[in-house]
Amino acid sequence: MKILIAADWHGEIYAEAIFKGFESLGHKTSKFSWKEYFYHYQYSDIYKTETNRIISLYYKAQNKFILGPAIWKINRDLLKKCSEVKPDLVFVYRGTHIFPKTIAAIKEKNNCKIFGYNNDDPFSIGYPKYFWRYFKKSIPFYDHIFAYRPKNIDDYKSLNYNNISILKSYYLKDKNFHINELPTDKYKCDVIFIGHFEDDGRDEAIELLIKNDINIKLYGTDWEKSKKYKMFFNYFGGDVEPLYGDNYNLALNSAKIALVFLSKLNNDAYTRRCFEIPATKTMMMAEYTDELSKMFKEGEEAEYFRDKIELLKKVKYYLANEGELKKVGGNGYLRLVKDGHEVVDRCREVIRVYEQC
């Protein structure tokens with residue numbers, strides 16, 4: 001089977017992981033990446049950028065507003081790529097930059113199936129209206145769309161689109177795993193949270209843990225936007241910084257309890273972290289949702305909190321009962337593996353849907 005994945009191609013845990021997953025299943029997989037069409041992308045600390053500020057702003061504006069010559073070229077080149085590859089399936093990962101007419105033309109000219117997938121919520125009011133405009137107009141042209149969260153099933157149905165199913169996030173077995181002997185104590189702590197800041201009370205919860213002398217570490221992006229940031233800066237001895245790759249996995253392994261706060265912007269009922277944490281055998285303590293509690297049993301395979309008071313109470317309990325803490329972490333790992341939440345498991349689900357289309 002020939003598969004073409006089209007995506008902005010940021011990082012190794014998104015489209016790249018899906019790409020490798022399909023390849024591991026024996027499918028001939030090609031990629032079409034559009035981040036290279038912008039000489040200045042938003043991740044300038046990761047990707048090579050244009051040093052001329054005027055040119056930089058020119059490409060940055062095109063990417064932000066999804067408008068201009070670079071966008072048109074992306075769509076022309078995607079059509080060319082499909083003509084070259086002649087795929088059986090085109091898998092569009094977060095298709096913000098792809099025109100509806102491009103999706104329609106690919107199907108007409110190549111006699112293939114086109115699937116869409118979003119790990120963000122294209123119906124969230126937290127995004128500017130222009131951001132998802134091409135994706136939303138393209139919905140009728142997709143043969144199937146994979147929704148990340150249950151809420152989006154109803155969103156698509158409200159548009160009279162019914163070729164939808166859930167495709168959850170996943171962990172990567174070569175990046176998210178248990179470490180028997182830690183090579184360093186750099187990240188060692190009782191409680192850790194690695195994730196971005198949202199103004200949803202997560203900073204207040206972390207502040208409460210700090211004020212109750214819980215040994216906690218905090219990593220992630222956008223924390224300077226928190227009203228509590230000055231206190232965090234002083235407590236942690238500097239800026240709150242993100243963690244990626246090996247350091248991310250090492251840090252999760254170094255904690256007794258790893259927290260999960262769910263994105264309200266994306267209306268999340270679970271997140272990628274809910275699979276990455278159990279892979280390390282560290283105990284997950286997450287905001288409660290019905291969907292998440294169905295995957296990992298409360299008090300047996302994970303722990304949940306409904307507010308910051310319950311969070312503090314449960315953290316104190318498990319730190320005083322480390323035998324139970326380790327048991328819950330170990331059971332969470334066993335559940336993760338038994339139920340199949342690795343990226344290859346998600347790729348198998350995509351193929352299963354393809355075969356039924």
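One table, with the values for the structure above:
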| item | result |
| --- | --- |
| Selected residue (criterion: nearest to E276 (Cα to Cα)) from residues of the stretch 207-254 that are of a type in the set (G, A, S) and surrounded by 12 or more Cβ atoms within 10 Å (Cβ to Cβ) | A251 |
| Residues satisfying the stated conditions in the stretch 131-184, i.e. hydrophobic (A, V, I, L, M, F, W, C) and part of a helix (DSSP H, G or I) | F135, I139, F141, I153 |
| Spans of helices (runs of 4 or more DSSP H) in the stretch 228-316 with at least 1 residues touching a helix residue (DSSP H, G or I) at 6+ places or on another chain (Cβ under 9 Å) and farther than 27 Å from P122 by Cα | 229-236, 245-254 |
| Cross-chain or 6+ apart pairs with Cβ under 8 Å, the stretch 311-340 first and modelled with pLDDT of 95 or more, then exposed (fewer than 13 other Cβ atoms within 10 Å of the Cβ) and of a type in the set (A, V, I, L, M) | none |
| Qualifying positions in the stretch 205-252 - under 17 Å from K308 (Cα atoms) and aliphatic (A, V, I, L, M) | A205, I206, L208, L209, I210, I214, I216, L218 |
| Hits in the stretch 179-189 (condition: over 21 Å from T221 (Cα atoms) and in contact (Cβ under 8 Å) with a residue 60 or more places away in the chain) | I179, L182, P183, T184, D185 |
| Residues (more than 17 Å from I71 (Cα to Cα) and of a type in the set (D, E, K, R)) located in the stretch 81-117 | E84, K86, D88, K107, E108, K109, K113 |
| Condition met for F296 (at pLDDT 95 or above and farther than 21 Å from P150 by Cβ) | no |
| K297 being more than 30 Å from F22 (Cα to Cα), surrounded by fewer than 16 Cβ atoms within 10 Å (Cβ to Cβ) and in contact (Cβ under 8 Å) with a residue 24 or more places away in the chain | yes |
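Residues are listed down the side, and each one gets a yes or a no for (1) in contact with a Pro (Cβ under 9 Å, 6 or more places away or on another chain); (2) touching a residue at least 40 places away in the same chain (Cβ under 8 Å); (3) at positive phi:
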residue: V92; (1), (2), (3): no, yes, no
residue: H97; (1), (2), (3): no, yes, no
residue: K107; (1), (2), (3): no, no, no
residue: F135; (1), (2), (3): yes, yes, no
residue: K151; (1), (2), (3): no, yes, no
residue: L159; (1), (2), (3): yes, no, no
residue: Y171; (1), (2), (3): yes, yes, no
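The values are calculated or read from the model by the stated rules, or taken from the named source; none is laboratory data. As the structure is a prediction and not an experimental result, all values here were calculated from the model. Positions of Cβ are backbone-derived with ideal geometry, glycine not excepted, and every protein chain shown enters the neighbour counts.
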